[in-house]
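To start, the structure under review is shown below, and the notes come after it.
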Amino acid sequence: MVNYKDLGLVNTRDMFARAIKGGYAIPAFNFNNMEQLQAIIKAAVETKSPVILQVSKGARNYANQTLLRYMAEGAVAYAKELGCEHPEIVLHLDHGDSFELCKSCVDLGFSSVMIDGSHLPYEENVALTKKVVEYAHQYDVTVEGELGVLAGVEDEVSAEHHTYTNPEEVIDFSTRTGCDSLAISIGTSHGAYKFKPEQCHVDPQTGRLVPPPLAFDVLDAVMEKLPGFPIVLHGSSSVPQEYVDMINQYGGKLEAAIGIPEEELRKAAKSAVCKINIDSDSRLAMTAAVRKVFVEKPAEFDPRKYLGPARDEMEKMYKHKILNVLGSDGKLAH
Ligand code: G3H
Ligand code: 13P
Ligand code: ZN
C-alpha cells in the first residue's frame, strides 16, 4: 500500500474548491508515454498551473499501470527540477470500470479515481460509486462519479447516442454516494469525431463546420440543484482544424473531424465545471508533428528527431489550453 501523499501528489478537493470560486477549470490531460508527460509537466510548470494526469484503460494496457504510476512520481520530481517548488499534480484513474480496479489504483498511489457507472442502471451506479467512495476516502483519495451517457467510445464502452444527465438525479446521487465530483453529459463526446457534418452548420466567414451548442441549460439546472459542487466535462477536445489540416497535408486521412469550440469550453470553465478532460487534441498534435517530419525528412530514423518535435507541439497545445481556454495559469496554492 502506497499513499499518494508520500509521492508528492495531491487529491482534487482543494484545487476544485479554488477553481469553482475563481471561475476557471483544471486541465485533465491523459498520458501514456514519456513525451506526453514531459510536455504536460513543462506546460503546467511554465504556466504555474495545477494539473491532473489521467490514466485510462487504454493507457494501462499500452504502458502498464505500475509504470505510469512511477512516471507520475517522477513527474513531481521533474516539476521541482524545472523550478516549481510546490507543484500540484493529481494522478487520476480515468473511466475506472470496477471496484477492484479503483482499489488497485488507490493502493498503488493514485490520488484520485473515477468510477464510471454511467452505463449501469441508476441504482447499480449508486451502489458501485458508493462502494468506491467508502474505500477511497479512507485514504483521502477523491472520487469522480458519472451520471448521463456520452456518445462515442468511453474506453471500451461505446454508446451510439448520448443521454444528457438528468438534473433531477444529481442531488440523490451525490448525497447517497458521497462522490467528490460529478461528470455530466451535456453534448460532449470522446474522440475526434464528436459531431456528424449534418448536425453542423457552415460558418460563412471561415467555411468551417460549426457544431450545435452544448446543453448549457442542463449544466445550469445541475448547478442549481448542487450549488458549488465540482462538475467534470469529459470529451472536451476541440479538434483544432490546423492539426487536422496538417495531418491530411502530410499524408493522413481524417475526414470531418469535429470537436468542441473553444468558446464553449471557456464559458464552461467559468462555471462549476472545474475539470476539463482533453486527450484527443494531444494525439492530433503528436500525429501532425510526426507526419510532418516523416514527409519532410524521409531519411530520418532517430525517434528523438520526430518525437522531439511532437513533444514541442503538444507542449504548445497544452499551454494554449491552460492560458487561453481553461484559465488555470497562476493558480497554484503556493
Ligand atoms: O476516455 C477516453 C480517453 O480518451 C482514453 O482513451 O482508452 O484509448 O486511452 P483510451
Ligand atoms: P477527448 O477525446 O475529447 O479528448 O476526451 C478525453 C476524455 O474525456 C478522457 O476521459
Ligand atoms: Zn472521458
Relative contact order (%) - criterion: Cα under 8 Å, at least six apart; region: region 102-212: 22
Ranked by Cβ crowding within 10 angstrom, fewest neighbours first, how are I171, I258 ordered? I171, I258
Which one, P303, A192, I276, is farthest towards the positive end of the dipole of region 192-326 when Lys and Arg carry +1 and Asp and Glu -1 on their Cβ? P303
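Under a Cβ-only charge scheme (Lys and Arg +1, Asp and Glu -1), can you give me the dipole magnitude of region 4-321 about the Cα centre, in debye to the nearest 20?
820
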Could you pull out which residues in region 206-227 have an amide N less than 20 Å from a spot 7 Å beyond the Cα of N248, following the Cα-Cβ vector? 206-212
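Sorted from fewest to most neighbouring beta carbons within 10 Å, what does the list H119, H234, H201 look like?
Lowest to highest Cβ neighbour count: H201, H119, H234.
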Taking 0.36 nm per residue of separation between E224 and K80 and subtracting their Cα-Cα distance, the length gained on full extension comes to 47.9 nm
For the chain, what's the relative contact order in percent, using C-alpha pairs closer than 8 Å and at least 6 residues apart? 22
Whole number please: convex hull volume per residue of the Cα set in region 162-268, in Å³? 117
Phi-based couplings in Hz for region 26-41 (Karplus 6.51, -1.76, 1.60; Gly and Pro marked x): 8, x, 10, 9, 6, 9, 9, 8, 5, 5, 4, 5, 4, 5, 5, 5
Relative to the present Cα-Cα distance, how much length would full extension add between H334 and I171 at 0.36 nm per residue of separation? 55.3 nm
On a 23 Å Cα-Cα criterion, which of the cross-link pairs K194/K253; K253/K275; K5/K316; K194/K321 come out too long? K253/K275; K5/K316
Could you let me know the centre-to-centre spacing of region 65-82 and region 312-328, using Cα atoms, in angstrom? 20
So what are the ³J(HN,Hα) numbers for region 250-265, from phi and the Karplus equation (6.51, -1.76, 1.60; θ = phi - 60°), rounded to whole Hz, Gly and Pro as x? 9, x, x, 9, 9, 10, 6, 7, 9, x, 8, x, 4, 4, 5, 6
Note to self, the chain gives a 222 nm [θ] from helices alone (DSSP H runs n ≥ 4, -39500 (n - 2.57) apiece, / all residues, nearest 500) of -13500 deg cm²/dmol
Could you tell me the calculated FRET efficiency between F216 and D140, based on Cβ-Cβ distance and R0 = 22 angstrom, to the nearest 0.05? 0.10
Express in nm, to one decimal, how much length is gained between E300 and N61 on full extension, taking 0.36 nm for each residue of separation and deducting their alpha carbon distance. 83.1 nm
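What number, in percent, do you get for the relative contact order of region 232-308 if the mean sequence gap of Cα pairs under 8 Å and at least 6 apart is divided by its residue count?
This gives 41 percent for region 232-308.
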Under the Kirkwood approximation applied to all pairs of distinct alpha-carbon atoms, what is the hydrodynamic radius of the chain in Å? 20.0
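Only the coordinates and a few stated rules stand behind these numbers; no lab work does. Just so it is clear, the structure is predicted and the values come from calculations on it, not from any experiment. Cβ atoms come from the backbone with ideal geometry, glycine included; neighbour counts cover every protein chain shown.
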